[in-house]
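Inspection log for the structure reproduced underneath, given as structure tokens.
The values are calculated or read from the model by the stated rules, or taken from the named source; none is laboratory data. Every value quoted in this text rests on a predicted model; they were computed, and no experiment measured them. Here the Cβ positions follow ideal geometry from the backbone for every residue, glycine too, while neighbour counts run over all protein chains shown. Heavy atoms of the whole protein, side chains included, go into the accessibility calculation; ligands, DNA and RNA do not. Shrake-Rupley method; radii C 1.70, N 1.55, O 1.52, S 1.80 Å.
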Amino acid sequence: MKHQIAVIPGDGIGPEVIREGIKVLGAAAEATPGLEFKFVDFPYGANHYLKTGEIIPDEGLKQLSKMDAIYLGAVGDPRVKTGILEQGILLKLRFYFEQYVNLRPIKLYPGVPCPLRDKRPEDIDFYVVRENAEDFYVGLGGRCRGRSKEELEVVRSIYRVKFGLDVDAEGDEVAYQIGVVSRKGAERAIRYAFELAKRKGKKRVTSVDKANVLTHIYSLWREVFERVARDYPDIETEFSFVDAICMWFVKNPEWYQVVVTPNMFGDIITDLGAMIQGGMGLAAGGNINPEGVSMFEPIHGSAPKHAGKNVANPLATILAGQMMLEQLGEQEAANKIEQAIIEVLKEGKVRTYDLGGKSSTSEVGDAVVEKIREL
Ligand code: IPM
Ligand code: MN
């Protein structure tokens, strides 16, 4: 089948790692009868923004929506105020295409150094399903300064009644941000997690929250989790508070099979997850809308200090490409890529500095391509 893939190389090391990802996808296509790609480049990122003042135009969104998937390198650049590109590109696309699941496998591959003593590949092999469209990412909030008189009165009265805070007094400026969980929004992410468990033969789904403190939004999350769990009687379930699960990821990662979490906790615990799988250079993610356009990316950022040096580890991006193939229904080609990566890592001859080696970004891409050809 022929797939049209939008490519957004982005900023920093983004273009270097995406180049290797595309190289590997090309090799997978050559090795898989009937599989073809058409890659269409999109220039969005810091350079485009600085040159044109445009982040993603409506026309760009229209073009992107005609694609089968989006393959993204990384965004963020020190020349642009922090948040502009991250929100304007990454979060914009996640929201625009309703990619309500952020799927992040936490898998330690053989031969990869793990910072946890005595943990082996069979101990670290689970999925985090991060809800990707709600929670504290909805952008609801504000500050008292700069509001209209009427708005300010409302905010003041809320703070006075709720917290006994008098925001009239000078120096008592207040900012607030609101998290939102909806029944529908929670349900679709949680159901995805259970379906994933079924598909992957996993036997336990763990739900993450902080329902002991953030009682409003996460009680609803828990209620939905319990309701959905009833449809999957063969799958064991449990709740974990987010602080506790950080501890357990380090102490007993072998316990976890599928973890489903609200957006912001998911952001945090998957950086921890990346570390226990060998580092950011190996952590991939998919922003998934099962009925729409999904977007695949390494979970690391643009690492500006490594940009242009051909030293960054491209494996996270290559693994993101592998996830993209799986989502597109190309399981056989996806397996080939993963198998090739496993071989390269096991051999340990070609690896970037983060894994203790001296190889370049492109040498790692070439090694994976070579393995695919040998499979
Ligand atoms: C991630 C990133 C993003 C997030 C940022 C860059 C907006 O940290 O993909 O995990 O918070 O989701
Ligand atoms: Mn993050």
For segment 242-375, calculate the relative contact order in percent as a whole number, restricting contacts to Cα pairs under 8 Å that are 6 or more residues apart. 19
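Output the pairs from 38/62; 66/92; 66/198; 2/62; 23/336; 38/184 with a Cα-Cα distance over 23 Å in this structure; if there are none, say none. Could you put the intermediate results ahead of the total?
Numbers: 38/62 17 Å; 66/92 17 Å; 66/198 31 Å; 2/62 20 Å; 23/336 14 Å; 38/184 35 Å.
Over 23 Å apart, Cα to Cα: 66/198; 38/184.
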Cα convex hull volume per residue for the chain, in Å³, equals 162
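Given an 8 Å cut-off on Cα distances and at least 6 residues of separation, report the relative contact order of the chain as a percent. Don't skip to the answer; put the middle values down first.
Details: 737 pairs, mean separation 92.5, N = 375.
For the chain, the relative contact order is 25 percent.
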The chain: antiparallel bridges as % of DSSP beta bridges, rounded to 5, reads 40
Which residue fluctuates most in the GNM of the chain (Cα springs below 10 Å): 202, 184, 107? 184
Report ³J(HN,Hα) in whole Hz for each residue of segment 288-293, in order, from the Karplus equation J = 6.51 cos²θ - 1.76 cosθ + 1.60 where θ = phi - 60°; Gly and Pro get x. 10, 10, x, 9, x, 8
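Is segment 34-181 rounded, prolate or oblate when judged by the Cα gyration tensor, a ≥ b ≥ c being the square roots of its eigenvalues, rounded requiring a/c under 1.5 and prolate requiring a/b larger than b/c?
Details: a/c = 2.44, a/b = 1.46, b/c = 1.67.
Cα axes put segment 34-181 in the oblate bin.
Leaving out ligands and nucleic acids, and using a 1.4 Å probe, what accessible area per residue does the chain come to in Å²?
Numbers: 17290 Å² over 375 residues.
Spelled out: the 1.4 Å probe surface of the chain, per residue, equals 46 Å².
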Enumerate by residue number the trypsin sites (Lys or Arg not before Pro) in segment 22-80 meeting two conditions: DSSP loop (anything except H, G, I, E, B), and at most 11 other Cβ atoms within 10 Å of the site's Cβ. 66, 79
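After finding the eigenvalues of the alpha carbon gyration tensor for segment 247-349, what semi-axes result from the square roots of 5 times each, listed largest first in whole Å? Walk me through the intermediate numbers first.
On the way: eigenvalues 88, 77, 55 Å².
Equivalent ellipsoid semi-axes, largest first: 21, 20, 17 Å.
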Got a number for carbon plus sulfur as a percent of the chain's accessible area, 1.4 Å probe? 52
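Please say if segment 302-375 is rounded, prolate or oblate, where rounded means a/c under 1.5 for a ≥ b ≥ c the square roots of the C-alpha gyration tensor eigenvalues, and otherwise the choice is prolate for a/b larger than b/c and oblate otherwise? Walk me through the numbers before you get to the answer.
Details: a/c = 2.60, a/b = 1.45, b/c = 1.79.
Here segment 302-375 falls in the oblate category.
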Keeping all protein chains in position, work out how much accessible area residue 191 exposes to a 1.4 Å probe, and write it in Å² to the nearest 10. 80
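For residue 216 and residue 184 in the same chain, what is the full-extension length gain: residue separation times 0.36 nm, less their Cα-Cα distance, in nm? Could you put the intermediate results ahead of the total?
Values: separation 32, 0.36 × 32 = 11.52 nm, distance 1.56 nm.
Length gained between residue 216 and residue 184: 10.0 nm.
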As straight-line cross-link partners of residue 119, the qualifying aspartates and glutamates (C-alpha separation under 15 Å, not fewer than 8 residues apart within one chain) are 254
Contour excess over end-to-end distance, with Cα ends at residue 160 and residue 52 and 0.36 nm allotted per residue: 34.4 nm
Which aspartates and glutamates does residue 200 reach when only Cα atoms under 14 Å apart count, and residues fewer than 8 places away in its own chain are ignored? 125, 234, 326
Shape metrics for segment 251-305, restricted to C-alpha atoms - Rg then Dmax, Å: 12.9, 38
Based on the Cα atoms of segment 100-161, what semi-axes does the equivalent ellipsoid have, where each is the square root of 5 times one gyration tensor eigenvalue, given in whole Å with the largest first? 48, 13, 10
Pair residue 236, residue 81: separation of 7 Å Cα→Cβ label points (nm): 5.0
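At 222 nm, what value in deg cm²/dmol follows for the chain if DSSP H runs of at least 4 each add -39500 (n - 2.57) and the sum is divided by all its residues, to the nearest 500?
Values: 12 runs with 152 residues, N = 375.
Calculated from helices alone, the mean residue ellipticity at 222 nm is -13000 deg cm²/dmol.
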Got a number for the accessible area of residue 42? Probe 1.4 Å, square angstrom, nearest 10. 20
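Just list whichever of 202/371; 107/309; 309/358; 107/251; 251/349 have alpha carbons separated by over 20 Å in the model shown.
Numbers: 202/371 29 Å; 107/309 27 Å; 309/358 12 Å; 107/251 16 Å; 251/349 30 Å.
In this structure, 202/371; 107/309; 251/349 exceed 20 Å between Cα atoms.
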Distance (nanometres) between label positions extended 7 Å along Cα→Cβ at residue 120 and residue 177: 4.2
Put 300, 3 in order of accessible area, largest first, probe 1.4 Å, and you get 300, 3
Tensor-based shape of segment 196-311 (alpha-carbon gyration tensor, a/c under 1.5 rounded, otherwise prolate or oblate): prolate
